[in-house]
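Below: the structure, in structure tokens.
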Protein chains: 2
Amino acid sequence: MKARVNVDERGRRTASDACLEPCSIERGMRVIGGKWTGSIIYHLKDGPVRFNDLVRMLGGASKKMIDQRLKELEARNMVTRTVISERPIAVNYALTDFGRSALKILDDLRIWSESNNIT
Amino acid sequence: MKARVNVDERGRRTASDACLEPCSIERGMRVIGGKWTGSIIYHLKDGPVRFNDLVRMLGGASKKMIDQRLKELEARNMVTRTVISERPIAVNYALTDFGRSALKILDDLRIWSESNNIT
DNA sequence: TGCAAAGGTAACCAAAAGGTAACTGGTTGT
DNA sequence: ACAACCAGTTACCTTTTGGTTACCTTTGCA
């Protein structure tokens, strides 16, 4: 991310250290920037939440979306899935330490968003 | 964002303060989370940059993408577009104060991304 | 004379994303 | 018996996204 533009004696411009393909900001965004991903992580911040409770909390997102995002987060070890009972089957989703490490960024984003009332 | 789930005496679960439609994190993500948007803002952090220089710096993004993102950012007053010379036409893009206010989040994201080597 | 660079714009296309609704299969409450 | 709740899954369809290529106008350089 130290990309800069060099100008030679003839005024010709070339870039050094260009972001060929996704640089770190892009890559990070692809992890926490998916639709509803940030919101899901944020809603897990106070402890484990069950699948249908997440669905209820995220009124605008479909079960399919939430399911998909939870699987992605699980695959990245940001979230754990735990079956807490058969019988009336119940499943808890919780943040891992790694998942929790993203919370600060998300909270800053929330504050930024609210204080600039982003529409 | 204080969504919680309430359980009544009969075990019925309902959510209060659910995120009906995008909550603040979602809305924020839609502003700085678009493909290449964060990278563009970040590359403007040291001062104005010309269009084709941005294109060169962001090796993986097409002119069309960059053009599109710049227009979105301009519409949100995060970036200004200034023609600095007719003759050999040149255009500078620069962050506004509001645009600059997003830099901290992006830099935190970059650091998070790098220290967890996100792929 | 003819190419290259500047800052775009336009047209076209393929792929991915995301919404809806129905369905599963087991359990419990009335 | 009937409905509802759990945690998903599946199929279908529409929209959005993003890549590619070509093109435009003006100016400068060799």
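Things to note:
- Test for residue B:38: is it more than 13 Å from DNA strand D (Cβ to nearest atom), within 7 Å of chain A (Cβ to nearest Cβ) and at pLDDT 95 or above: no
- Extreme residue, farthest from the other protein chains (Cβ to nearest Cβ), among residues of the stretch A:89-117 that are within 16 Å of DNA strand D (Cβ to nearest atom) and modelled with pLDDT under 95: A:89
- When B:56, B:27 are screened for being within 16 Å of DNA strand D (Cβ to nearest atom), within 13 Å of chain A (Cβ to nearest Cβ), closer than 27 Å to residue A:39 by Cα and not in a loop (DSSP other than H, G, I, E, B), only B:27 passes.
- Any hit, the stretch B:8-22, residues being more than 20 Å from residue A:24 (Cα to Cα), surrounded by 14 or more Cβ atoms within 10 Å (Cβ to Cβ) and modelled with pLDDT of 95 or more: no
- Positions within the stretch B:32-69 being at positive phi and crowded, with 20+ Cβ neighbours inside 10 Å, in sequence order: B:36
- Every residue from the stretch B:66-88 that is within 13 Å of another protein chain (Cβ to nearest Cβ), farther than 16 Å from residue B:42 by Cα and in a helix (DSSP H, G or I): B:75
- Yes/no for residue A:82 being at pLDDT 95 or above and open to solvent by less than 60 Å² (accessible area, probe 1.4 Å): no
The values are calculated or read from the model by the stated rules, or taken from the named source; none is laboratory data. Since we're looking at a predicted model, the values are computed, not measured. Virtual Cβ from ideal backbone geometry, glycine too; neighbours counted across all protein chains shown. Accessible surface is based on the protein model in full, side chains and every heavy atom, while ligands, DNA and RNA are left aside. Shrake-Rupley method; radii C 1.70, N 1.55, O 1.52, S 1.80 Å.
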